[in-house]
Amino acid sequence: MVRLLQRWPGRYGVVAYTTSGVYGETALVGYVSVPGVPDLSLMDVAARHQPVLMYGSTGAEGFAEACWLISVGWSARTVPKPGTLELPHAAWAMEVERTVELGGVMYGHTRLHVGRFTLTDPADQAAARALLNPDPGPDPPH
């Protein structure tokens with residue numbers, strides 16, 4: 001989980017990244033619902049970053065945005081920054097809002113599911129929501 005700037009100059013949300021499938025071929029990037037914070041439209045956030053300039057297009061709708069979101073999740077996972085929350089064994093569920101078939105491999109993935117991410121354990125969900133605190137304190141245990 002990582003804080004994600006969704007609108008300048010200071011509107012943040014919490015984003016989770018994980019994978020599924022035998023070799024992790026499906027990326028899942030979801031927003032964590034936080035009381036008092038509007039739900040994120042992750043595809044809209046990605047579109048505002050003009051991802052087509054970096055990833056081009058395969059003709060598949062949402063390809064560049066999907067690549068950008070996967071990059072955000074993959075980068076946050078592989079090079080965690082202070083305030084990142086890693087819960088590798090947590091139980092979770094995801095309400096999928098959109099699926100994008102990439103038509104190739106991007107960051108080891110061939111598809112992306114985007115939606116609302118919920119951690120089953122209330123303490124884990126609270127820890128994820130706490131990432132929006134102005135000062136999340138020391139890094140949580142990994």
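The values are calculated or read from the model by the stated rules, or taken from the named source; none is laboratory data. Note that the structure is predicted; figures quoted are calculated from it, not measured. In this analysis, Cβ positions are derived from the backbone assuming ideal geometry, glycine residues included, and neighbour counts consider all displayed protein chains. We work out accessible area using only protein heavy atoms, side chains counted, and drop any ligands, DNA or RNA first. Shrake-Rupley method; radii C 1.70, N 1.55, O 1.52, S 1.80 Å.
Observations on the model:
- Near pairs, Cβ below 7 angstrom, 6+ apart or cross-chain, from segment 28-39 (more than 14 Å from residue 3 (Cβ to Cβ) and acidic (Asp, Glu)) to any residue that is surrounded by 18 or more Cβ atoms within 10 Å (Cβ to Cβ) and modelled with pLDDT of 90 or more: 39/31; 39/33
- Qualifying residue in segment 121-132 (condition: assigned to a strand (DSSP E or B), surrounded by 13 or more Cβ atoms within 10 Å (Cβ to Cβ) and either at pLDDT below 95 or not basic (Lys, Arg) (or both)): no
- Only residues that are open to solvent by 60 Å² or more (accessible area, probe 1.4 Å) and farther than 18 Å from residue 32 by Cα were counted in segment 82-105, giving 4.
- Taken together, the criteria place residue 90 among residues that are aliphatic (A, V, I, L, M), over 14 Å from the mean Cα position of the chain (by Cα) and part of a loop (DSSP other than H, G, I, E, B).
- Test for residue 80: is it at pLDDT below 85 and in contact with an Asp or Glu (Cβ under 7 Å, 6 or more places away or on another chain): yes
- Contact map, segment 2-21: first residue under 17 Å from residue 35 (Cα atoms) and among the charged types (D, E, K, R), second residue open to solvent by less than 20 Å² (accessible area, probe 1.4 Å) and assigned to a strand (DSSP E or B), Cβ cut-off under 7 Å, separation 6 or more or different chains; pairs are 3/14.
- Checking residue 102 against (1) within 15 Å of the chain's Cα centre (by Cα); (2) over 16 Å from residue 12 (Cα atoms), the condition it does not meet: (1)
- Boolean, residue 111 is open to solvent by 70 Å² or more (accessible area, probe 1.4 Å) and of a type in the set (Lys, Arg): no
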